[in-house]
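Quick notes on the structure that follows.
Bear in mind that the values in this text are calculations on the coordinates, not laboratory data. Keep in mind that what you see is a predicted model, and the values were worked out from it rather than measured. Here the Cβ positions follow ideal geometry from the backbone for every residue, glycine too, while neighbour counts run over all protein chains shown.
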Amino acid sequence: MFIIVRDEFVAMQAARLHEYTHDMSNGLSLDEVDQPQITASDHVLIDVDGAGWCQTDNHIIEGMWEEYVPQPLPMTLGHENAGTVAAVGDEVTLVSEGDQVICHPVRTCGTCRPCRMGETMYCENDQFSGLTTDGGFAETLLTNERAVIPLPDGVDPAEIAPHADAGITAYHAAKKAVGDLVPGDTAVVIGVGGLGHIGLQCIDAMSAADIVAVDIKQEARDLASDLGAHHTLDPESQDIPSEIESLTDGGGAAQVLDFVGADATTALAPEICAAGGDHHIIGYGGHIHEPAQALVNGEFAYQGNIVGKYTELQELVALVDRGDVDLHTTQFGLDEVNHVAEMLEDNEIEGRAVITP
Ligand SMILES: [Zn+2]
Ligand SMILES: [Zn+2]
């Protein structure tokens, strides 16, 4: 049985993509659209308190995702959402009206084989808010019960919103790395930006490894030290392989988390990874060009990482609730989305930008 919880055809504001463009000053338009309606028993309607703006939003506007996923335009962007439950379908029991939640970006089916194995990011029937279906740069977001996680008291939805994608991506990689880190090991974090600073805190919270942070910016290295890095390195003035060799007594880094993913950083792996270690690729854009023999000699691996799954977002919320992971955000209104896109393009955003519709 389907139910309509709210009055039909209430108008709302939404920042929508009508056509792909490289002109970020004009990427999205602020449209008046019908508020989404509950049409299935597992639906959850969210009043959006915060929706993180992500580099991926710029890439979506440029059309970079068009060949990878179905993207019906016009579409409301925004995949890092948190807010307050406004209405629920009649079979929803996890949350009720008034609850504050963070939304995993993927609405999964729960019945396909990957879902049943707990690998929800591989769901065969998924809908990705803000990427394949309307997202949270709007007053109201439609999602489902399988995507929402109730927030602990005292956690502000607008502050935590970017963890819905940026945070769990960093956490997902850090959790894999931590599983292979023992006390005395060294973990290297390359790039202490929006994702890297979260990944570093996750490693610090979950392992006893020594952490080496690598970044070209002094402010980023200072931030890394504040957040728990034991050593910081500047690749512009220091030779990273020889520095890591001396910091690890010649053994190399057991785990490397590469939040940059450029040719210059993937090329470090043969020289800085310990035998049996991993070089995790989280940032992307570059290529990997290493001789097969380098991987045979050191038996290290390049390890790919996608967005973390629902249960990993629960785990990250627990770390945030304990005060182990801080996120630096700056808030903007819904009418400032194109300005935010331009600022991100020019590297002018401090921390993560959050749209507050
Ligand atoms: Zn994102
Ligand atoms: Zn599924």
Discussion item. In Å and on Cα atoms, what radius of gyration and Dmax does segment 26-110 show?
Written reply: 14.5, 41
Discussion item. I'd like the orientation of helix 166-178 relative to the chain: the angle between its Cα long axis and the longest Cα principal axis, in ° from 0 to 90, rounded to 10.
Written reply: 40 degrees
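If you wrap a convex hull around the alpha carbons of the chain, what volume per residue comes out, as a whole number of Å³?
136 Å³
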Fill in: Reachable lysines, given that their alpha-carbon falls under 23 Å from the alpha-carbon of K309 and they are not under 8 places away in the same chain
K175, K176
Worksheet, complete the sentence: Amide H contacts under 5 Å for V189, restricted to residues at least 5 apart in sequence or on another chain and with H modeled in the peptide plane, are V212, A213, V214, L257
Discussion item. Nearest 10 degrees is fine. How inclined is helix 310-322 to the longest principal axis of the chain, computing both from alpha carbons?
Written reply: 80 degrees
Worksheet item: Under unit Cβ charges (Lys, Arg +1; Asp, Glu -1), what dipole magnitude, rounded to 20 debye, does segment 168-304 have relative to its Cα centre?
Response: 460 debye
Worksheet item: From the Cα gyration tensor of segment 42-82, with a ≥ b ≥ c the square roots of its eigenvalues, which class applies: rounded if a/c is under 1.5, or else prolate if a/b is larger than b/c, or else oblate?
Response: oblate
Discussion item. Give the residue list of chymotrypsin sites (Phe, Trp or Tyr not before Pro) in segment 14-118 that are DSSP loop and have at most 12 other beta-carbon atoms within 10 angstrom.
Written reply: Y68
Worksheet, complete the sentence: Surrounding charge for A229, neighbours by C-beta under 11 angstrom, Lys/Arg +1, Asp/Glu -1, total -4
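Size of the dipole of the chain about the Cα centre, Lys and Arg at +1 and Asp and Glu at -1 on the beta carbon, nothing else charged, in debye to 20? Provide the component values of the computation, followed by the final result.
Values: 13 positive and 61 negative charges, 205 e Å.
In total the dipole reaches around 980 debye.
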Fill in: Efficiency of FRET between H18 and C112 - r from beta-carbon atoms, R0 30 angstrom, step 0.05
0.40
Item to complete: Please say if segment 168-304 is rounded, prolate or oblate, where rounded means a/c under 1.5 for a ≥ b ≥ c the square roots of the C-alpha gyration tensor eigenvalues, and otherwise the choice is prolate for a/b larger than b/c and oblate otherwise?
Response: rounded
Worksheet, complete the sentence: The answer for GluC sites (Glu not before Pro) in segment 207-316 that fall in a DSSP coil and have at most 11 neighbouring Cβ atoms within 10 Å is E236, E299
Worksheet item: So what's the net charge close to R352: Lys and Arg +1, Asp and Glu -1, counting the other residues with Cβ under 11 Å from its Cβ?
Response: -4
